[in-house]
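Worksheet: one structure, shown below.
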Amino acid sequence: MDDLKRQLDQELGQARSLEDLERIRVAYLGKKGSITTLSRTTDFGALGPEERKDFGRRFNELKQAAEQALAETKARLEQAGGGRLSGAVDLTLPGAGRRLGSLHPISLVQMELEQIFQGMSFVVGSGFHVEREHYNFDALNIPPDHPAREMQDTFWLTNGMLLRTHTSANQVRMLEKHGAPLRAIFPGRCFRYENVDASHENTFYQVEGLMVDKGVTISHLIAVMKSLLDQVFHQDVKVRLRPGYFPFVEPGFELDCQCLICHGAGCKTCKHSGWIELLPCGMVHPVVLRHGGVDPEQYSGFAFGLGLTRLAMMKYGIPEIRLMNSGDVRFLEQFPAAV
Ligand code: FA5
């Protein structure tokens, strides 16, 4: 009987689940269990009356001790959780069957751009969604009667402020705050009262870039744009530079990239032109520098306004801009999980 109890204790000590426990219970106390059958396999005829009494007492003690040991083991297993005993519980593991959220493609490209520009000693800033008319237009050489205001259909607020139509609204704020020399990018959301189609949204992202220093020329502008595109696309992408008109730069350029949805053949994303307007840029107009408190006789600079939403479309082959703000989980799930 002592051997049986020792053996039972050892097996209970190794039990890892309620299934293990039930198997042990049946093996010892089940109908054919080794404790239950002990009285049947003992030759009572060979025992004297005292020995028989002693056997009965010890047999009952053994049965009781076995039942108690089984009950204690059951309590221990249940406390360890779900009938499964784990030596060490890792509380940082994600819940069963749950997936981490993913980063929006615009966030992914924005993070990549910030890294690229930080590598070229640019700081990253931000501006305001609700902006003063002065910073969005007047300080950028676009007075109230200027036809360039028509190029950006504006959401005006009843208090005379507006939803910024471009991140350029932050140019003069940055110059006022930091002065020259300055190397900065400022990504963010812009708003225009647009007819929405495959490549136009009323809410989209741009990344503005501004570099002002002594002796900055168009060569610096082209070198930075080239470095940017090489690093973002990790492939040879055809670009074209053509003259572009923006009152806050002189000279101004439009930098287009060949549509990566149709590879130049023409599709609804590029309005069948084969090209996507991506990166307008130019040399900062002296009027803008003066508004920012910087002397244009001493300093010059370049600026660009990258269409971040369209860049994300080209990089990830997304043919339809409306997917970006759709909040459709099936779209978002295709991008890497957040860390
Ligand atoms: C501007 O907004 C100027 N502020 C850019 C600039 C900055 C020029 C600095 C010179 C110097 P534009 O309106 O072209 O320019 O817009 C710039 C880019 O934003 C476009 O090339 C395009 O990629 C993106 N964009 C403009 N409107 C939309 C829209 N409705 N939906 C999605 N992307 C848009």
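The values are calculated or read from the model by the stated rules, or taken from the named source; none is laboratory data. All figures in this text were calculated on a predicted structure; none of them were measured in a lab. Don't worry about glycine lacking a Cβ; one is built from the backbone with ideal geometry, like all the others, and counts go over all protein chains shown. Keep in mind that these areas ignore ligands, DNA and RNA; they rest on the heavy atoms of the full protein, side chains included. Shrake-Rupley method; radii C 1.70, N 1.55, O 1.52, S 1.80 Å.
The GluC sites (Glu not before Pro) of the stretch 162-215 meeting both criteria, a DSSP state outside H, G, I, E and B (loop) and at most 16 other C-beta atoms within 10 angstrom of the site's C-beta, are Glu194. Think of the stretch 105-332 as having a plus end and a minus end, set by charges on the Cβ of Lys, Arg, Asp and Glu; of Gly317, Gln110, Ser219, Gly317 sits farthest toward the positive end of this dipole. Computed per residue of the chain from DSSP H runs no shorter than four, each worth -39500 (n - 2.57), the mean residue ellipticity at 222 nm is -11000 deg cm²/dmol.
At a 1.4 Å probe radius, carbon and sulfur cover how many percent of the accessible area of the chain? It would help to have the intermediate numbers written out before the result.
Numbers: 9600 of 18560 Å².
Result for the chain: 52 percent of the exposed heavy-atom area is carbon or sulfur.
Report, in whole Å, the centroid distance computed from the Cα atoms of the stretch 227-259 and the stretch 1-42. So the separation of the two Cα centres works out to 80 Å. Using heavy atoms of the protein chains and a probe of 1.4 Å, the accessible area assigned to Val232 is about 0 Å². Rolling a 1.4 Å probe across all protein chains gives Asp2 an accessible area of roughly 100 Å². Taking 4.7 Å between C-beta atoms as the pairing limit, the chain has these partnerless cysteines: Cys190, Cys257, Cys281. Label-point separation (nm) for Glu67 and Thr217, each offset 7 Å from Cα along Cα-to-Cβ? The answer from the label model is 10.0 nm.
Among all stretches of the chain without exposed chymotrypsin sites (Phe, Trp or Tyr not before Pro) (DSSP loop, at most 15 other Cβ atoms within 10 Å), which one is longest? Spell out each step's value before the answer.
Values: sites that count: Phe128, Phe155, Tyr193, Tyr245.
Between exposed loop sites, the widest span is 1-127.
With a cap of 14 neighbouring Cβ atoms within 10 Å, and only residues DSSP puts in a loop, list the trypsin sites (Lys or Arg not before Pro) found in the stretch 217-297.
Lys238, Lys268
Out of the GluC sites (Glu not before Pro) in the stretch 240-339, which ones are loop residues according to DSSP with at most 12 other C-beta atoms within 10 Å? The qualifying sites are Glu297, Glu333.
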